[in-house]
Structure formats: C-alpha cells, structure tokens
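Visitor: Provided herewith is a single structure, encoded as structure tokens, for subsequent inquiry.
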C-alpha cells in the first residue's frame with residue numbers, strides 16, 4: 001500500500017514538472033520576441049548592428065589578452081607562435097592551442113599583428129537612452145555615440161505622433177460608446193416602429209469588413225473637407241466600431257433588472273434622466289470592457305488612419321509614422337526598436353492595469369467584424 | 001437610488017393654477033430652452049471645428065481641445081436633441097424620443113457601412129476609372145489572372161495555418177495553465193501580444209528574421225540559430241515561395257493564441273468537476289479525458305474561436321504591408337484591395353476585392369441573423 005502511494009506521488013511530481021516545464025517553454029517562446037525588441041531599444045546603434053541582443057547576457061567569448069608584432073616570422077611559410085603551428089591563412093582564421101588560447105594574425109602580411117585571445121565571461125551591456133531621444137525629439141538632437149563622438153541628428157518627432165494618436169484614440173473610444181449606449185437603451189427599453197429593422201441592421205453589420213466602406217467614405221470626406229481631420233477619423237472609427245458596441249451594450253443593458261427602471265418611471269423620471277443617472281452608472285463594467293477594446297483597436301489601427309489621414313504629416317498617428325520608418329529606415333534597428341516600444345507603452349499599461357475588464361470583454365464577444 | 005426629476009422639465013412644466021399669462025410664459029420659456037440649447041451646441045461645435053482647423057497653438061493644446069470638444073460635443077448634441085423633443089407635447093415626446101436615442105447610431109451605421117457596401121458593389125461593376133460599365137469583368141479577372149489568384153492561395157494559407165495553430169496552441173496552453181500554479185502569470189504573458197499593434201508586431205518579427213551576410217555575426221535571432229547549427233542565413237520572408245508566407249503567418253498565431261486561450265480557459269472551467277471526477281474514477285487517462293470529454297464539451301467555443309480568427313485573418317493587412325509590402329508572392333485580399341485602388345488607381349478591381357471580402361463573411365452574417373430571429377424580444 002505504502003509503495004503504491006509513493007508511486008502515485010512520484011507520478012504526480014512528474015506530471016507537475018511536465019505541465020509546468022512545457023508551459024514555461026511556451027511562455028518563454030511567446031515572450032522572447034517582445035523581450036528582444038525591448039532590450040535592443042536600449043542598446044547603442046553600433047551594438048545592435050554588430051551583435052545579437054542575447055549577448056547582453058553573460059556568455060563566453062574570445063577576448064584579446066596579448067598583442068605583439070610578428071618579429072622574426074616568415075608569413076609565407078609554416079610558422080609556430082605560442083605553441084600553435086600553421087600557415088598565414090590558418091592564422092588569419094585563428095588557431096586554437098591545447099591550453100585554450102587562440103592565436104590570430106590580424107591585418108596583412110607585412111604590417112599585421114599577432115593577437116592572443118582567451119575565452120572569458122563577458123556581456124555586452126552598454127545601455128543607453130539615446131535611441132529614445134532620437135525618435136522622440138522634434139528638432140535637432142545631439143547624440144553621444146559609443147566611442148564618445150557626438151553627432152547632431154534631426155529627431156523623428158514621434159512625440160508629435162504620440163499626441164496625434166491620443167487625439168485620435170480617446171474621442172474614437174468615447175464617442176462610439178456614448179452613441180452605442182444611447183442606442184442600446186433605446187432598443188432595450190423603448191418601443192417604436194422600426195425597432196426590429198434597425199436592430200437587424202446592427203446585427204447584420206457586425207461582421208462586415210470595414211474595407212468595403214473605405215472608398216465611398218473617402219469620396220464623401222473629400223467632398224466634405226473632412227479628409228485629414230481628427231473629426232473625420234473619429235467618425236470613421238465610430239462607424240466601424242458602432243455595430244459591435246451597440247450589440248454588446250444591448251446585451252448588457254437589456255439584462256438589467258426591470259423593476260429598477262419601472263420604479264424610476266413611477267417616480268416620474270424621463271428616459272433621458274433614467275439613462276444618465278441610472279443606466280450609465282449600472283453599465284460601467286460593460287462600458288469599461290468595450291472601452292478597452294475600442295481604445296486598443298483604435299490606437300493600434302493602421303489602415304483607417306492610412307486612408308483618412310493620408311499624407312498629412314502633421315496629423316499622422318504613431319502606427320503610420322512607424323510604418324513610414326520601416327519603409328525609409330528599415331535597417332536602422334536602433335530607431336525601429338525604440339519607436340515600436342514607444343507605440344507599445346500605452347497599450348501595455350492599459351492592458352496590464354485593466355486586464356480583468358479586457359478578459360471580461362473578450363468573453364462577452366468583443367471581437368470586431 | 002434617488003430619482004430627482006430632470007431640472008429642465010421641472011422649470012418648463014406649466015402648473016394648472018397659474019393662469020393664461022403663466023402658461024404663455026411657460027410656453028415661451030420652453031421654446032427658448034428648446035432653441036437655446038441646440039443653438040449653443042451648434043455654436044460650440046462649429047467654433048471647435050474652426051479652432052482645430054486653423055489654430056497654430058502648441059500641439060498638446062490642440063490635442064486637449066480636440067478631445068474635450070469631440071467628447072463633449074457629442075454629449076451636448078444628445079442633450080440638445082433631447083431637450084427639443086421633451087419640450088414638445090407629451091404625445092410627440094413619446095413618439096420621437098426613441099429616435100433621439102437610436103437614430104444617431106442607426107444613421108451612422110447606414111452612412112458608414114450599409115450604403116457604402118452597395119456603393120462599393122456598384123463601383124466594382126465599372127472599369128478602372130469608374131467610367132464604363134463592365135459587368136462582372138473585374139471579378140472574372142480576379143479569378144483568372146495568375147498573379148491575382150496568388151492572393152487567394154495566400155489567404156487560404158493564412159486562414160488554414162493561422163486559425164489551426166492559434167486554436168491548437170490556445171487549447172494546449174489553456175489546459176496546461178489550468179493545472180499549473182503559475183496560471184495567472186503564464187496567461188498574462190501569452191496574452192500580452194494582443195495589446196501590440198500589427199505594425200509593432202511586424203517590426204518585432206522583422207527584427208527576428210533580420211539577415212546579415214554570413215561573414216558577420218547575425219543580429220536576427222532566427223538566422224543566428226540557423227548559423228549556430230551550421231546553416232546558411234536566409235531572408236525568410238522573401239525566399240522559397242510560397243512557404244515564406246508561413247513566416248508572416250507565425251505572427252498572427254503569436255498574436256491570436258492569447259485570444260483563443262482566454263476563451264478556452266473560461267470554457268474549460270465551465271466543465272462540471274463531477275464529470276471529470278467520474279471519468280477518472282472509471283480509470284480514464286488524462287489524454288482520454290482531454291479528447292473524449294473536454295473537447296466535445298467545449299466544441300461550441302472551439303467553433304466560435306476558429307470562426308472569429310478566420311474572419312480576423314481574412315482581413316489581414318498591416319502585417320503584410322510592414323513585413324514585405326506584398327512583394328515575394330505574399331499579397332493577400334486586403335493588400336490587393338489597397339494596391340489596386342490606391343496605388344494602381346484601378347477603382348473597379350480594387351472595389352471587387354473589397355466585395356469578395358464581404359462575400360466571404362456572408363455565412364457568418366447569415367448565422368448571426370438566424371440566431372437573432374430565434375431570440376425572444378425581437
């Protein structure tokens with residue numbers, strides 16, 4: 001009996017290790033991409049280009065310990081240096097000696113030098129904020145490079161884009177929610193002709209891809225002068241997010257207990273009063289869940305901004321500026337990593353501080369059509 | 001909950017006893033309010049728009065003003081419309097008030113989605129400059145020209161691989177996390193990519209796929225691993241078509257697994273414990289329990305998640321634009337729509353691609369409407 005119990009315990013421990021080990025592996029796999037970007041955004045321009053970001057961790061690397069001139073050696077024949085024997089070409093590649101050293105000939109045959117290297121623990125951890133300075137500043141910025149030299153560069157001015165993103169995202173979140181909440185209340189607690197037809201429209205449009213609307217709306221905007229204005233982008237995001245918002249808030253608001261509303265009516269309150277004083281406060285959880293979704297969606301949106309803001313440099317949002325950077329400076333990883341992280345800061349804060357609402361919204365069906 | 005009567009209605013309600021003069025005054029007051037508030041709303045609206053368009057104030061001032069103006073303006077418009085309607089005789093109020101509540105939402109939906117759908121269909125029946133009617137020629141082109149057909153092959157790859165792997169990984173992680181002590185942390189980290197924009201994700205993965213010449217150290221993680229294992233560095237998103245698409249699809253799997261995981265996790269927690277206990281007592285292995293009990297029990301959720309990811313993947317745009325710009329045979333429907341319409345200025349063909357996107361989601365729309373028809377209250 002006791003033997004069997006012991007076996008059971010061991011089995012449990014193995015399954016515990018298996019479950020957590022495998023989970024750990026997947027979590028690491030999922031986190032590495034973001035982590036690599038985060039680390040790289042703090043590395044110097046030169047480091048990013050010459051070595052992988054994972055070298056910030058302690059690792060063994062060949063480090064030069066000695067350097068001298070090759071005196072009395074004939075590079076055109078087989079040589080023996082510090083216990084290593086080989087031709088010039090072999091020394092150029094580096095020859096390892098039995099005692100763990102590596103001998104290299106650096107430079108050409110006539111004026112080269114001999115370097116003795118040893119494997120040592122090292123890490124490439126020179127962190128800097130220069131990348132962030134460079135992407136955020138509007139005007140010219142003086143950057144001190146790794147070798148101490150100074151360079152004056154015109155900043156990428158992502159601060160401006162960040163502010164634009166805020167100016168687009170906040171109203172684009174609040175406006176559709178307000179409009180949707182009014183409509184949801186109307187559908188749930190008012191009777192009027194056309195109610196069914198209107199709701200069918202809402203449900204039918206839930207999954208319609210917004211691509212279908214871009215061109216006609218753009219034509220309207222050009223006619224109305226709304227192209228490239230914040231108002232135009234807000235309205236577009238409102239239009240594309242409204243069906244889902246109305247549907248979700250309807251589900252929530254129609255589920256509120258009937259007697260609360262009835263007693264308010266008996267007290268003589270109007271629909272407007274009930275909505276503002278009673279329904280909105282009661283719906284805060286649903287409003288918050290959807291708000292997070294809409295905010296993240298708008299903040300991270302690229303297509304809608306691309307179409308309706310277009311080439312107006314001054315109004316461009318973060319995602320547009322980033323995509324531009326990928327196009328124009330695709331190999332400048334010090335800028336791309338810092339820029340990408342600037343665009344991620346706010347969503348990540350929202351995400352971590354309001355995760356509960358986020359999950360609740362997902363479970364309620366906050367997935368855009 | 002205290003229910004104070006609305007202040008405006010209070011002022012405006014004529015009392016029975018105040019006589020004719022009083023009633024006239026009350027009526028005038030009602031009219032005044034009914035006019036003044038909408039007028040004020042209009043004025044704020046127009047002034048705000050002017051300020052934003054012409055001002056050269058510092059950026060943060062403009063941003064602040066626009067946020068207050070945009071959010072406050074909409075609230076004010078509702079207040080104005082409601083004030084007008086409530087100033088009318090009660091019968092009219094009851095008749096019109098629902099449209100104040102529901103009207104704006106429906107009007108915006110009709111303007112922004114319903115009518116544009118038909119307008120886009122209409123444009124898709126004309127030639128590249130929207131001048132001559134060509135019937136279904138654009139659609140015929142899409143389904144017969146080889147370079148355009150690649151688009152559909154790619155979208156199919158996105159849907160099949162993207163949805164399948166996101167569902168598999170999501171399910172796997174949900175089951176593992178359910179049995180782990182580190183459930184919260186693990187789930188948060190898997191979930192985190194959902195907060196990242198596609199453009200940001202594109203940069204993250206471009207960095208992983210970065211390729212350098214073999215003579216210098218690789219700075220992209222994938223090529224560094226390949227070189228460490230003795231291979232040659234490669235431009236992953238550019239070579240060996242069509243499999244280079246898979247390197248883009250990985251990104252959507254990375255982003256969507258968190259979504260799948262959250263829904264599966266909730267569904268798994270909904271399985272009654274007695275059911276699992278009974279199976280264990282009967283000697284079922286964990287693997288049997290997974291396939292015979294858990295999967296059938298959460299099948300509905302699996303279908304929902306898969307459908308959602310399919311719809312989502314169908315419209316994929318940003319990732320392709322940022323990673324390859326649609327080169328190297330990675331074009332998808334949404335990027336073709338953009339390219340044909342905005343780059344090639346072929347309005348007919350571009351619109352036809354957008355219509356195809358809508359056709360692809362029609363079954364889901366039909367399903368939603370059928371469920372609505374079954375619902376009570378409508």
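The values are calculated or read from the model by the stated rules, or taken from the named source; none is laboratory data. Everything numeric in this text was worked out from a predicted model, so none of it was measured. Reconstructed Cβ throughout: ideal geometry from the backbone, glycine too, with neighbour counts over all protein chains shown.
Visitor: Is there a residue in the range B:75-84 that is at pLDDT below 90, more than 9 Å from every other protein chain (Cβ to nearest Cβ) and touching a strand residue (DSSP E or B) at 6+ places or on another chain (Cβ under 8 Å)?
Guide: Within the range B:75-84, not a single residue is at pLDDT below 90, more than 9 Å from every other protein chain (Cβ to nearest Cβ) and touching a strand residue (DSSP E or B) at 6+ places or on another chain (Cβ under 8 Å).
Visitor: Considering each of B:136, B:96, B:148 in turn, give the residue that is within 30 Å of residue B:30 (Cβ to Cβ) and modelled with pLDDT under 90. Outline the logic, then answer.
Guide: Details: B:136 fails: within 30 Å of residue B:30 (Cβ to Cβ); B:148 fails: within 30 Å of residue B:30 (Cβ to Cβ).
Just a single option satisfies the conditions, and that option is B:96.
Visitor: Right, another one. With the checklist (1) at the interface with chain B (Cβ under 7 Å from one of its Cβ atoms); (2) crowded, with 18+ Cβ neighbours inside 10 Å; (3) outside any loop (DSSP other than H, G, I, E, B) in hand, flag the one item residue A:214 doesn't pass.
Guide: (1)
Visitor: Are there any helices (runs of 4 or more DSSP H) wholly within the range A:224-332 with 1 or more residues that are touching a helix residue (DSSP H, G or I) at 6+ places or on another chain (Cβ under 9 Å), buried (at least 22 other Cβ atoms within 10 Å of the Cβ) and away from chain B (no Cβ under 11 Å), and if so which? So that I can check it myself, show each step before the final result.
Guide: Numbers: elements: A:230-253, A:258-266, A:284-300, A:303-309, A:318-328.
In the range A:224-332, A:230-253, A:284-300, A:303-309 are the helices (runs of 4 or more DSSP H) which contain 1 or more residues that are touching a helix residue (DSSP H, G or I) at 6+ places or on another chain (Cβ under 9 Å), buried (at least 22 other Cβ atoms within 10 Å of the Cβ) and away from chain B (no Cβ under 11 Å).
Visitor: Could you say which residue among B:121, B:142 is modelled with pLDDT of 90 or more and either at the interface with chain A (Cβ under 7 Å from one of its Cβ atoms) or in a helix (DSSP H, G or I) (or both)?
Guide: Working: B:142 fails: modelled with pLDDT of 90 or more.
The unique qualifying residue is B:121.
Visitor: Can you go through B:327, B:336 and tell me which one is part of a loop (DSSP other than H, G, I, E, B), within 13 Å of chain A (Cβ to nearest Cβ) and modelled with pLDDT under 90?
Guide: Values: B:336 fails: part of a loop (DSSP other than H, G, I, E, B).
Exactly one of B:327, B:336 is part of a loop (DSSP other than H, G, I, E, B), within 13 Å of chain A (Cβ to nearest Cβ) and modelled with pLDDT under 90, namely B:327.
Visitor: Also, I was wondering about something else. If residue B:170 passes every condition in (1) exposed (fewer than 15 other Cβ atoms within 10 Å of the Cβ); (2) more than 9 Å from every other protein chain (Cβ to nearest Cβ) but one, which one does it miss?
Guide: If we test residue B:170 against (1) exposed (fewer than 15 other Cβ atoms within 10 Å of the Cβ); (2) more than 9 Å from every other protein chain (Cβ to nearest Cβ), just (1) comes out false.
Visitor: Here are the criteria: (1) within 14 Å of chain A (Cβ to nearest Cβ); (2) at pLDDT 75 or above. Tell me which single one residue B:21 does not satisfy.
Guide: (1)
Residue-by-condition table, conditions (1) buried (at least 21 other Cβ atoms within 10 Å of the Cβ); (2) closer than 26 Å to residue A:323 by Cβ:
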| residue | (1), (2) |
| --- | --- |
| B:145 | no, no |
| B:152 | no, yes |
| B:199 | yes, yes |
| B:203 | yes, yes |
| B:216 | no, no |
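Visitor: One residue is enough: does the range B:291-303 have a residue meeting the conditions in contact with a helix residue (DSSP H, G or I) (Cβ under 6 Å, 6 or more places away or on another chain) and in a loop (DSSP other than H, G, I, E, B)?
Guide: Yes, the range B:291-303 has at least one match.
Visitor: I've got another one for you. Tell me whether the range A:152-169 contains one or more residues that are assigned by TED's automatic domain parsing to the domain that holds residue A:256, without any contact (Cβ under 8 Å) to a residue 40 or more places away in the chain, closer than 30 Å to residue A:254 by Cα and touching a helix residue (DSSP H, G or I) at 6+ places or on another chain (Cβ under 6 Å).
Guide: Among the residues of the range A:152-169, not one is assigned by TED's automatic domain parsing to the domain that holds residue A:256, without any contact (Cβ under 8 Å) to a residue 40 or more places away in the chain, closer than 30 Å to residue A:254 by Cα and touching a helix residue (DSSP H, G or I) at 6+ places or on another chain (Cβ under 6 Å), which makes the answer no.
Visitor: Now, a different point. Which of the residues belonging to the range A:145-188 are surrounded by 18 or more Cβ atoms within 10 Å (Cβ to Cβ), farther than 18 Å from residue A:287 by Cα and at pLDDT 85 or above?
Guide: If the condition is that a residue be surrounded by 18 or more Cβ atoms within 10 Å (Cβ to Cβ), farther than 18 Å from residue A:287 by Cα and at pLDDT 85 or above, then A:158, A:160, A:161, A:162, A:163, A:164, A:165, A:166, A:167, A:168 are the ones that fit.
Visitor: Looking at A:53, A:105, can you tell me which residue is without any contact (Cβ under 8 Å) to a residue 40 or more places away in the chain, under 43 Å from the mean Cα position of the chain (by Cα) and surrounded by 15 or more Cβ atoms within 10 Å (Cβ to Cβ)? Lay out the reasoning, then the answer.
Guide: Values: A:105 fails: under 43 Å from the mean Cα position of the chain (by Cα).
On inspection, the qualifying residue turns out to be A:53.
Visitor: I'd like the residue in the range B:173-191 that is touching a residue at least 24 places away in the same chain (Cβ under 8 Å) and facing chain A (nearest Cβ under 7 Å) and, out of all such residues, is farthest from residue B:251 (Cα to Cα).
Guide: Restricting attention to the range B:173-191, the residues satisfying the condition of being touching a residue at least 24 places away in the same chain (Cβ under 8 Å) are B:173-175, B:177-178, B:187, B:190-191.
Next, only the ones that are facing chain A (nearest Cβ under 7 Å) stay: B:173, B:177, B:190.
Working: B:173: 17, B:177: 22, B:190: 13 Å.
Among those residues, the one meeting the criterion is B:177.
Visitor: To continue, here is another question. Here is a check on your reading of the model: is residue B:185 surrounded by fewer than 18 Cβ atoms within 10 Å (Cβ to Cβ), under 21 Å from the mean Cα position of the chain (by Cα) and part of a helix (DSSP H, G or I)?
Guide: Values: surrounded by fewer than 18 Cβ atoms within 10 Å (Cβ to Cβ): yes; under 21 Å from the mean Cα position of the chain (by Cα): no; part of a helix (DSSP H, G or I): yes.
Judged against the criteria, residue B:185 is not a match.
Visitor: So residue B:63 fits all but one of (1) part of a helix (DSSP H, G or I); (2) within 11 Å of another protein chain (Cβ to nearest Cβ); (3) at pLDDT below 75; what number is the exception?
Guide: Result: residue B:63 fails condition (3) only.
Visitor: Continuing with this model, one more query. Is it the case that residue A:336 is within 11 Å of chain B (Cβ to nearest Cβ), within 20 Å of residue B:320 (Cβ to Cβ) and buried (at least 23 other Cβ atoms within 10 Å of the Cβ)? Step through it out loud before you land on a result.
Guide: On the way: within 11 Å of chain B (Cβ to nearest Cβ): yes; within 20 Å of residue B:320 (Cβ to Cβ): yes; buried (at least 23 other Cβ atoms within 10 Å of the Cβ): yes.
When the stated conditions are applied, residue A:336 passes them.
Visitor: What number of residues within the range B:228-246 satisfy the criterion of being part of a helix (DSSP H, G or I) and touching a residue at least 60 places away in the same chain (Cβ under 8 Å)? Quick ask: steps written out before the conclusion?
Guide: First, the residues of the range B:228-246 that are part of a helix (DSSP H, G or I): B:228, B:244-246.
Add one more test, that the residue is touching a residue at least 60 places away in the same chain (Cβ under 8 Å), and what stays is B:244-246.
Residues meeting the conditions: 3.
Visitor: Cβ-Cβ under 6 Å, sequence separation 6+ or interchain: first residue in the range B:124-147 and without any contact (Cβ under 8 Å) to a residue 12 or more places away in the chain, partner outside any helix (DSSP H, G or I). Which pairs?
Guide: Listed by first residue and then by second, the contacts come to B:133/B:126.
Visitor: With the condition kept exactly as written, say whether any residue in the range B:244-251 is surrounded by fewer than 20 Cβ atoms within 10 Å (Cβ to Cβ) and either away from chain A (no Cβ under 13 Å) or over 29 Å from the mean Cα position of the chain (by Cα) (or both).
Guide: The answer is yes, given that some residue of the range B:244-251 is surrounded by fewer than 20 Cβ atoms within 10 Å (Cβ to Cβ) and either away from chain A (no Cβ under 13 Å) or over 29 Å from the mean Cα position of the chain (by Cα) (or both).
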